[in-house]
Each structure stands twice: as structure tokens, then as C-alpha cells.
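Scroll down for the structure; my scribbles are underneath it.
The values are calculated or read from the model by the stated rules, or taken from the named source; none is laboratory data. Quantities reported herein were computed from a predicted structural model and do not represent experimental measurements. Because the Cβ atoms are built from the backbone with ideal geometry, glycine has one as well, and the counts that use them run over all protein chains shown. In case anyone asks, the SASA skips ligands and DNA or RNA and just uses the protein heavy atoms, side chains included. Shrake-Rupley method; radii C 1.70, N 1.55, O 1.52, S 1.80 Å.
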Amino acid sequence: MESLQGRAYLVTGGGTGIGAATALRLAEQGASVAVLGRRPEPLAKVVAAIEELGGTALACPADVRDPVAVESCVDAVVERFGRIDGLVSNAAGNFVTPAERLSPNGWRAVVDIVLNGSWNCTSAVARRLIEAERPGAIVSVVATYAWTGHPGTVHSAAAKAGVVAMSKTLAAEWARYGIRLNCIAPGPTSTDGAGAALWASDSDKARVLASVPSGRFATPDEVGDLAAFLLSDRAAYVTGTVLTADGGQSLGQQIYGPPITA
Ligand code: HXC
């Protein structure tokens, strides 16, 4: 199904993991896709993969923390594709640390990437949509610990909670322009980045898997599919929501009674 035919989207963190899979999925559904990230090499690979599919793609090497660079990237998207229809704000930075050992710079780096970076990209894309009097959609990738909290992630959880609040606020404010904003909260997803940062050893991996009632990690393609759905007109009446896709990880774990096992 080519539900995004003729449209153009920007995907941040689009060189690897969930961002790369999302970029490919949007291209498969007929969209032109620009991928933004700090490292040019992974971006070039994603552009080549999309072109191999017969799609159109553009690499924007930039840091989401730099509003001027983000603005230039959005300019380049409009120049190359003649339009922009929305954004998948996926770029993230994360490391697990006891909060009392987190340095001011560590806090700032993660909040800058996740919260300020999301705002930089969201506001740049939305301003372009408003100027062009064109409807659009923005999807931000967050995590369930934005509202449950989770030890070791204070910087990321606080920043992603900010992204959820930002999206809900703008969903209400910019509905009058036909701009929809939604979030996806994926559970643990099988990407190299998440694996290295969050489950580097076999025992860590087994512990994470045991926390997921569905018994497996998400695939990046599954998350990309949800982003494509939320961007498409099939979700035309969906705004200000968070779509949780975590295999049940954020649901309660059994505490009472004898353990229920297979
Ligand atoms: C403690 C650390 C640290 C660590 C960095 N810092 N890594 N502190 N433990 N493991 C501190 C540094 O010491 C420094 O503080 C400050 O953070 C900034 O570090 P830099 O490396 O100078 O910053 P920068 O190059 O901007 O890197 C940003 C980053 C980095 C966030 C620190 O990890 C990054 O860019 N990551 C991008 C990729 C990524 O994280 N992917 C995983 C996403 S997975 P001082 O005080 O020393 O100067 C994800 C999924 C979550 O988010 C959801 C799961 C369900």
C-alpha cells in the first residue's frame, strides 16, 4: 500500500536503527525521505538503500541540537522535493547512570538532544507547513518511562516526558492548521544502538527480555510501520496521542500469589 505517495518527510536519527527502518518504510509507501543525523556515512547508506528501491532520498548531516543546521536541512528538503509534509523526530541520546553520578554536562547533552532537538525539528517543519498552508503530521519517538519513570534514566525520562507534553500541547494548538502530532513509545527494540547502550551483555539481554510479556524485542520495521500509519491519512483524526508498542513491558509484573509461568 502506497499511502504516502507524493509526500516528503524528514526523519531524524535516520542513519541507523529505528530511524533508518522508518525512512525505508516511508519510502516504500511512496514518500520522498530526507534523513538527518550527525554521521554522514550511515545516512549515505540509507539514501542508497532507498534509491535502490526506486525511491528518492536526501542526506542531511546535522546535529538536532543546532537550530540553524536544522533550518538549513528543512530548506534543503523543500528545495529538493518541492514540499515537506512532516517529520519523524527520532534522534536520541541516552546512557544509563545512577542519577547522583550524572554530571551537569551529561544531563545537558541528553536533554539537548532529546527535548531541545525535538523542538528544533518540530518547530522548523511546522513553520514551513504553516507558511505553505499545508496540513502535515509529526511523530516523535519516546519511551514509556516518560510517564512511568525508570531508575537510571532520569535525563532521558525527563526529556522524553517533555517531548510528550510538547506534542500534546502543539496538537491542540496547531490543529487549526491541520497539523497532527503524535508519539510512539516503543519497548526495547533490536537495534545496535539500543543493544550497546542498554543490554550489552547476554545476562542484561536476558533480563530485558524477561521484562517483556510478549517475550521478544520489537523490530525497527514494526516501529517504522507505526510511524508510517500515524503520518498517513488513515490516522487523520488521531492527534495528541502516545501509541505504546512495548509488548506489554510497561504493564504490571506479577507480585501477588504463586508465580504464573508457562
Ligand atoms: C555517564 C556519560 C556517559 C555514560 C556520556 N556521558 N556517556 N556519563 N555514563 N555512559 C557524559 C560525558 O561524560 C559528558 O559529561 C556528557 O555525558 C556528554 O558526553 P559527550 O560524549 O561529550 O556528548 P555527545 O558527544 O554530545 O554525546 C551525547 C551522548 C551520546 C548522549 C552522551 O551517548 C550519544 O550521542 N548517543 C547517541 C546514540 C544513543 O545514545 N543511542 C541510544 C538511544 S537508545 P562530562 O561531565 O564528562 O563532560 C534509547 C532507547 C531508550 O534512547 C528506550 C528503551 C526502551
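Data table
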item: Accessible area of segment 47-146 belonging to carbon and sulfur atoms, whole % at 1.4 Å probe; result: 52 percent
item: Among Pro213, Pro135, Pro104, residue whose mean-square fluctuation peaks in a GNM of the chain (springs only between Cα atoms under 10 Å); result: Pro104
item: Hz values of 3J(HN,Hα) by residue in segment 106-120 - Karplus curve (6.51, -1.76, 1.60), Gly and Pro given as x; result: x, 4, 4, 4, 6, 5, 5, 5, 6, 8, 5, x, 4, 5, 4
item: For the chain, built as a Gaussian network whose Cα springs stay under 10 Å, the top-fluctuating residue of Ser32, Ser72, Ser118; result: Ser72
item: Per-residue ³J(HN,Hα) for segment 146-155, Karplus 6.51 cos²θ - 1.76 cosθ + 1.60, θ = phi - 60°, Hz, x for Gly and Pro; result: 4, 10, 8, x, 7, x, x, 10, 4, 5
item: Charge-dipole axis of segment 47-176 as Lys and Arg at +1 and Asp and Glu at -1 on Cβ define it, positive-most pick from Pro98, Thr56, Val142; result: Pro98
item: Prolate/oblate/rounded call for segment 115-262, Cα gyration tensor, a/c under 1.5 rounded; result: prolate
item: 1.4 Å probe accessible area per residue over segment 112-179, in Å²; result: 40 Å²
item: Residues of type lysines that Lys168 reaches as a straight line, Cα spacing below 20 Å, ignoring anything fewer than 8 places off in the same chain; result: Lys160
item: Isolated Cys in the chain, by beta carbon distance under 4.7 Å; result: Cys121, Cys183
item: Cβ-derived FRET efficiency at R0 22 Å, Lys205 paired with Leu102, nearest 0.05; result: 0.35
item: The chain: relative contact order as a whole-number percent, Cα under 8 Å and 6+ apart; result: 19 percent
item: Computed label-point distance, nm, for sites Ala49 and Tyr256 using a 7 Å Cα→Cβ extension; result: 4.6 nm
item: Accessible surface, segment 1-92, averaged per residue in Å² (probe 1.4 Å); result: 41 Å²
item: Cβ-placed point charges (K, R +1; D, E -1), dipole of segment 20-122 about Cα centre in debye, nearest 20; result: 240 debye
item: √(5λ) per eigenvalue of the Cα gyration tensor, segment 1-96, largest first, Å; result: 20, 15, 12
item: Square roots of 5 times each gyration tensor eigenvalue, C-alpha, the chain, largest first, Å; result: 30, 20, 19
item: Interchain or long-range residues, amide H under 5 Å from Thr189's placed H; result: Ala218
item: With eigenvalues of the C-alpha gyration tensor scaled by 5 and rooted, segment 115-176, Å; result: 26, 11, 8
item: Computed lengthening from Glu173 to His150, 0.36 nm per intervening residue step minus Cα-Cα distance; result: 5.3 nm
item: On Cα atoms only, tilt of 40-52 relative to the major axis of the chain in degrees; result: 70 degrees
item: Farthest positive-ward along segment 197-245 dipole, Cα basis, beta-carbon charges - from Thr219, Ser232, Thr244; result: Thr244
item: Cubic angstrom per residue, convex hull over Cα atoms of segment 176-262; result: 137 Å³
item: log₁₀ of I(q)/I(0) at q = 0.14 Å⁻¹ - segment 157-224, Debye sum with one point per alpha carbon; result: -0.59
